[in-house]
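Undergrad: Mind looking over this structure? Questions follow.
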Amino acid sequence: MKSFQYIFPKELQAVPKLLAEYGEKCLLYAGGTDALARMKDGINSPELVINLKKIKELGVVKANRKRVEIGAAVRLADLPTDVRVRKFPGLIEAIESVGTIQLRNMGTIGGNLNQRPRCWYFKSSRFPCLRKGGESCFAIYGENKYHCILGGYPCYIVHPSDIAPMLIALDAEVEILGTKKSRWIKVEDFYVLPSQDPLHETVLQRDELVTRILVPQKAGLLKSHYVKFRERDSFDFAMVSVAVAGQLNDAVLTDMRIVLGGVAPKPWRARKAEQVLEGQRMSEDLLLQAATEELAAAEPLEQNEYKVILARNLMKRAIQQWADAR
Amino acid sequence: MAGWKSPEQMTYVGKEVTRVDGAEKVSGRAKYTHDVYFPRMLYARILRSPHPHAQVISVDTTRAEALTGVKAVLGKLRDEVNYVGDEVAAVAAVTEFKAAEALSLIKVEYKVLPFVVRESEAMRDSAARVFSGREKNVGDWEEEHEGDVERGFAEAEVIIERTFHMNVQVHTPFETHGCVAKWEGDELYMWDSTQGVHGTRSGLAQHLQMPENKIHIYTHHMGGGFGSKFGPKSYNAVCAQLARIANVPVKLLLDREEELLATGNRPSSFQTIKIGARKDGTLTAFQLESYGSGGVGGGAGVPAPYIYYFPNWSVRHRDVYINAGAAAPMRAPGHPQAAFAMDSIMDELAAALGMDPLDLRLKNDRNSTRQQEYVIGAEKIGWTNRHKSRVGHKVRGFGMGAGQWGGGGERSTKAMVNIYADGSVDVRIGTQDIGVGTRTIVAAVAAEELELDLADIKPKIGESDFPWAPASGGSVTAPSVTPAVKRAAEKAKNKLKSIVAEKMGVAEDAVSYAGKIFSISGRAENISWQEACRFLEGSSISELETWGEGLSSWGTAGTQFAEVEVDIETGRVRLVKMVAVQDCGLVVNTLTARNQVNGAMIGEIGYALYENRLLDVETGIMPNADLENYKIPGALEMPDFDVTFFDQHERGVIGLGEPPAIPGMGAIANAVADAIGVRITELPITPDKVLMAIEKAKEGKA
């Protein structure tokens, strides 16, 4: 790790200015669970590290009639007990599935949404991979068991967040602050595929940061559920995960939103599956049909064909559990 | 000298004794090598090859040496590097980060050479050479046979042939390799995380060309080794040299990536087995062709045919070299590989014969201990009532496996017992506690022999200046250490007895000792231990004694059973229960012995279901060189453990380190096959393999 300057601004407005000035040479730091590891691994060698924890408005949860607003630097461990957040059971499940208790004690929700990929070719400084500005993706002919089956090319990462898929299912937005303006954008539109930008996972501009996560109160009227499958329960990222939100009345499915984690470089909105399900009566065949149609476009790599089967089975299971929940 | 009393007559041996250093450890007061600190101490780092194979043309350390805070540099440790992580140069600086920065300033000119990291590819004549100048990447065939294999197969009514593949497992001790070197004049003091203080001393003496009596190695507490820490290793010499150059203490700790790349591993194993039997289950023939790789090291052979009796068999094996870190001994080298393949194919044979796998083993295992252990284990897991229950998408299955090991004592082990005038006692022996509780059994055996309280004994271990004991490996520690300690304690006790006799003016055989009291035959008065020790008048008794026959033995048998639950929609295998039935002669400490078996089973679960050293075929780099991606199981992956010791205390002490690390992989793989109806022949059994196997089986049926 190289020497760096470490600052704790108190004013939010100061941050976009610093970002604009330093660009890639600075790093935002909140919980540090991802950022510090990247610094130690030599993936980021910032000159300036900006700790966000002293900025008050980033650390609070607020609610009004229209939405619940979660500051980007609120710790994950603090959210499951918050009554305003508890209205979204699927969101609680997603938050509680993140990493380990230790990681949730340090990690923040903004950090979770902005975490970089876990792809080992990206995370190891030994590989000059495409996402780090190199020439090619090492996963294509390499060890690609954990890589994506949808939305790949020219880079085959999966987005590691558990919370983003659920936020998309709840139709949440993020507030983004830049030097000139702040803007709101759907979480769904926050992420980009490598074909649009192989170097970044989000639409954030050089001077921008996420300041708040905005969950619409009306999402509290939906049933929601998050299922995460991991190889090792003690600590693992999702091999595949499924976020489900929607309504179930007399076994009829409406307002269905299904988002997959672990299968694509961004949280994958399963729109085809949603269309198959919408307005239909629940049945195992219907669920399998929806999953199969969604995954018809999957292009597995040499070692991850299993993910197609896993995603199909997990979609079915997640919706069944979602339906069975009170 | 006297043998062991029967367990019911003993107070500490054969009982549950909590660790004498437990409080020290959990409170953080126990000083591990990583905790050793000296003022002005420097921190060293090793520059490692980024290439799997290259010639080191030149190493320019000028800029590193010029960096403020850098105090010592060692350039060009090798002319050729043969794996990613191979050592190239080293520096010592005032902080670890400064040392790392200095490494980045070392300019190395490499001539990059072709490499190979896949065993199957490395065996080809056309493959790149792992070592420049060597003709091939394979060792010679090692062949062995007995009986007439062709006739054996001709006699067989059922013949099964299968190929099995075992992954590379890495030791991953929690405490990484590391040492602190400190020179005082021409004497070297080294704190090292080693499994053998004496071996490290003698090896370093050779390497540094200095006399053994000027080297002192300390391993007071240690966070595991599993076979990867038989010193000295190259980092020891590097650290000693840097400390000599800098003339201050130097600490060199390996990080987790270095640990995974360059400190050893269990070799891969590819075994093609053909097995023949009569319809009644009598085995007639066994044939094995195997290869495997310990990277740039060897030792991938397996002891076969494993355990079961075959009148006719032939085996041939050859080691394959690839551009990866060298293998090191790892818990029962070769045995887990042999046992997994053998127990897997035994179950396949049982299925083909329509026989219960347990009956097939009872029929063909000639070891009388295991015969009884099978019955106990089967009862504990509920074998006869097992049924393949299915709740929703979760199916259960049962499997078993077996193993054997030696685990005898080293004859030249010595211990010294000191009795002081105040009545206190210490035991000195140059063994080391690698985490298994050796310090506790040293104290327990002495307390037992001297009939004192455990707290009266100070066990002193982990120093090369103490009497010789073997490296802690191969399950030799307990059967080496306990006889030496017992005999030294007995000798010291007899010495004290003779002093009492002399003081009391009686013949030696008139004095007897029991329960801290010396009594004289024909006299009413008693002399307490404390009073007797006061006769020493400020001096002490110091008795050295060597290991002796009759207190330990050799050869163990064990079996394990597993119950698993497989989620057929996700491919996830969850262990429900593991049963171990194991003999190890006289169990010295039932608590730490159980710990030993539990720990072995945890390692087996990792080997069977999670751990896998990967190598990127295009670059030769290990992509999962961290504990996020090199997956070892955690608390949530643990099943119920049920451990039974098969009592054979009359045989004396036998080592327990390796035996329980052998049978589990076969048991788990067999349980998975029992659950899903398809056999996974390649470890680790991860969800992707299970899902694809189930899918393939469905397609086959459709």
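The values are calculated or read from the model by the stated rules, or taken from the named source; none is laboratory data. On a predicted model such as this, the values are computed, not experimentally measured, just so you know. Because the Cβ atoms are built from the backbone with ideal geometry, glycine has one as well, and the counts that use them run over all protein chains shown. With ligands, DNA and RNA removed, areas are computed over all heavy atoms of the protein, side chains included. Shrake-Rupley method; radii C 1.70, N 1.55, O 1.52, S 1.80 Å.
Undergrad: Considering the options A:124, A:139, A:319, tell which one lies farthest towards the positive end of the dipole of chain A, charges being +1 on Lys and Arg and -1 on Asp and Glu at the Cβ, about the Cα centre.
TA: Among A:124, A:139, A:319, the one farthest towards the positive end of the dipole of chain A is A:124.
Undergrad: In a solvent-free Debye calculation with one equal scatterer on each Cα, what is log10 I(q)/I(0) for segment B:1-157 at q = 0.09, 0.14, 0.18 Å⁻¹, listed in the order of the q values?
TA: Computed log10 I(q)/I(0) values: -0.67, -0.85, -1.07.
Undergrad: Also: For the protein assembly as shown, what does the helix formula give at 222 nm: sum of -39500 (n - 2.57) over DSSP H segments with n ≥ 4, over the residue count, nearest 500 deg cm²/dmol?
TA: -8000 deg cm²/dmol
Undergrad: Nothing charged except the Cβ atoms of Lys and Arg (+1) and of Asp and Glu (-1): what's the magnitude of the dipole of segment B:510-587 about its Cα centre? Round to the nearest 20 debye.
TA: Roughly 220 debye for segment B:510-587.
Undergrad: I would also like to ask the following. Using alpha carbon centroids, what distance separates segment A:206-280 and segment B:562-631, in Å?
TA: 33 Å
Undergrad: Can you tell me what share of the DSSP beta bridges in the protein assembly as shown is antiparallel? A percent to the nearest 5 is fine.
TA: 80 percent
Undergrad: Still on this structure: Select from segment A:1-18 all residues whose loss of accessible area on going from the chain by itself to the full protein assembly reaches 50 Å² or more (probe 1.4 Å).
TA: Flagged in segment A:1-18: A:1.
Undergrad: Hey, how many Å between the Cα centroid of segment B:413-458 and the Cα centroid of segment B:1-80?
TA: Cα centroid to Cα centroid, the span is 25 Å.
Undergrad: I've got another one for you. Considering only C-alpha atoms, what is the centroid distance from segment A:35-88 to segment B:159-233, in Å?
TA: If you average the Cα positions of each part, the centres end up 45 Å apart.
Undergrad: Can I ask one more? Using a 1.4 angstrom probe, figure out how much accessible area chain A has per residue, in square angstrom, rounded to the nearest whole.
TA: I get 42 Å² per residue for this part.
Undergrad: Looking at segment A:1-102, which GluC sites (Glu not before Pro) are DSSP coil and have at most 15 other C-beta atoms within 10 Å of their C-beta?
TA: Passing both the DSSP loop test and the Cβ count: A:11, A:47.
Undergrad: I've got another one for you. Under the rule of at least 5 residues apart or a separate chain, name every residue whose amide H is placed under 5 Å from the amide H of residue B:585.
TA: B:648
Undergrad: If segment A:179-326 were replaced by its equivalent ellipsoid, with semi-axes equal to the square roots of 5 times the Cα gyration tensor eigenvalues, what would those be, largest first, whole Å?
TA: So the equivalent ellipsoid measures 27, 21, 14 Å along its semi-axes.
Undergrad: Let me ask something else. Once you have a ≥ b ≥ c as the square roots of the Cα gyration tensor eigenvalues for chain B, tell me rounded if a/c is under 1.5, and otherwise prolate or oblate according to whether a/b is larger than b/c.
TA: Oblate.
Undergrad: If you count, for each residue, the other Cβ atoms within 10 Å and average over each peptide, how do B:126-133, B:244-251 line up from highest to lowest?
TA: For the peptides B:126-133, B:244-251, the packing ranking is B:244-251, B:126-133.
Undergrad: Let me ask another. Putting +1 on Lys and Arg Cβ atoms and -1 on Asp and Glu Cβ atoms, find which of B:250, B:295, B:282 reaches farthest to the positive end of the dipole of segment B:226-313.
TA: B:282
Undergrad: With the dipole of segment A:17-150 worked out from charges on the C-beta (+1 for Lys and Arg, -1 for Asp and Glu) around the Cα centre, which of A:58, A:23, A:148 lies farthest toward the positive end?
TA: A:58
Undergrad: Rolling a 1.4 angstrom probe over the protein chains, ignoring ligands and nucleic acids, what is the accessible area of residue B:688 in square angstrom, nearest 10?
TA: Roll a 1.4 Å probe over it and residue B:688 shows about 20 Å².
Undergrad: Here's something else I'd like to know. Are there GluC sites (Glu not before Pro) in segment B:199-283 that DSSP puts in a loop and that have at most 15 other Cβ atoms within 10 Å, and which ones?
TA: The qualifying sites: there are none.
Undergrad: With the alpha-carbon atoms as the only input, what is the per residue convex hull volume for the protein assembly as shown in Å³?
TA: Value for the protein assembly as shown: 203 Å³ per residue.
Undergrad: What do you get when you divide the Cα radius of gyration of segment B:554-702 by 2.2 N^0.38 Å, with N the number of residues?
TA: 1.20
Undergrad: Specify the residue with the greatest mean-square fluctuation among A:157, A:70, A:43, computed from a Gaussian network of chain A linking alpha-carbon atoms under 10 Å apart.
TA: A:43
Undergrad: So for chain B: antiparallel DSSP bridges make up what percent, rounded to the nearest 5?
TA: If I count the DSSP bridges inside chain B, around 75 percent turn out antiparallel.
Undergrad: Indicate the gyration tensor shape class of chain A (rounded, prolate or oblate), computed on the Cα atoms with a ≥ b ≥ c the square roots of the eigenvalues: a/c under 1.5 is rounded; otherwise a/b larger than b/c is prolate and the rest oblate.
TA: Since a/c reaches 1.5 but b/c is at least a/b, the shape of chain A is classed as oblate.
Undergrad: Rounded to the nearest 5, what % of DSSP beta bridges with both residues in chain A are antiparallel?
TA: 85 percent
Undergrad: I want to verify a result. In a Gaussian network model of chain A, Cα cutoff 10 Å, which of these has the top mean-square fluctuation: A:128, A:265, A:194?
TA: A:128
Undergrad: Here's a follow-up. Provide a whole-number value for the mean count of partner chain Cβ atoms within 10 Å of the Cβ atoms in peptide B:623-629.
TA: 6
Undergrad: Could you give the dipole magnitude of the protein assembly as shown about its Cα centre, charging the beta-carbon of Lys and Arg +1 and that of Asp and Glu -1, in debye to the nearest 20?
TA: It works out to roughly 3120 debye.
Undergrad: Build a GNM of chain A with springs between Cα atoms under 10 Å: which of A:106, A:315, A:256 gets the top mean-square fluctuation?
TA: Most flexible of the set in this elastic network: A:106.
Undergrad: Dipole of chain A, Cα-centred, from +1 at each Lys and Arg C-beta and -1 at each Asp and Glu C-beta, to the nearest 20 debye?
TA: 1020 debye
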